[in-house]
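Student: First the structure, then my questions, so here it is.
Each reported figure results from applying straightforward, stated rules to the coordinates on display, with no laboratory input. This is a predicted model, so every value here is computed, not measured. Reconstructed Cβ throughout: ideal geometry from the backbone, glycine too, with neighbour counts over all protein chains shown.
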Amino acid sequence: SAASSAAQQTAVAVLIAISVCHLLNDVIQSLILALYPMIKDSLGLDFRHGGFVDRAFEAFQDVVRLDPRNRYALANLQKLHEEQHQWQEAYDVRQRLVAISDEADQPGNRHILAFLENELGRERLKQSDAAGAAERFQAALELDPCERHVASTLSPQEIGRDKSVLSAAGEHEDAKDV
């Protein structure tokens, strides 16, 4: 009767209060999750400009973990790898960017991949792996026939070490003439 009606009203009021609190909690959590990648991107750039490379790596990797298609974070992660001369890691990150990029972005991606292939080839030369270097230089030329880095970065000693390196560099010269 009157007591049960008051108890029902109290129960309804408590349930409404709990529902509103739960709704507010969900909204706040959604906002935090939505803003977190942007905050981490900003922190990553601040760390990078401040010379805190490890922290910048962590910040951008956190963003990519939360949003694997975040082009901005991937591009900055690739740049960090390049600055550290971690060519294979930079190449791998660029490959991820290629996979999520629009067709209009592909020529630029191919140019960057060609540059990275060239750097990987130069690393192979330093390791006295002329055949591996030639494969990388050839891949650079296939990605971007006008890749100017291949022949311009090879010293005469490096080119002369192996005929396959000379062949790749020669094909590059032929491609530039076209």
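Student: Separation between the ARG96 and SER128 pseudo-spin-labels, each 7 Å from Cα along Cα→Cβ, expressed in nm?
Tutor: 3.6 nm
Student: Along Cα→Cβ, 7 Å out, is where each label goes; now give me the distance between the ones at ILE28 and ILE16 in nm to one decimal.
Tutor: Calculated label separation equals 2.2 nm.
Student: While we're on this one: Can you pull the one-decimal nm distance between simple spin-label points at ALA104 and SER4, each 7 Å off the Cα toward Cβ?
Tutor: For ALA104 paired with SER4, the spin-label model returns 6.9 nm.
Student: List the pair-distance distribution P(r) of the stretch 50-130, using every Cα-Cα distance, as the percent of pairs falling in each 5 Å bin from 0 up to the bin containing the longest distance, rounded to whole percents.
Tutor: 3, 15, 24, 22, 16, 12, 6, 2, 0
Student: With r defined as the distance between the Cβ atoms of ARG55 and GLU142 and R0 fixed at 41 Å, what FRET efficiency is calculated, to the nearest 0.05? Before the final figure, lay out each step's value.
Tutor: On the way: r = 37 Å, r/R0 = 0.90.
After rounding, the FRET efficiency stands at 0.65.
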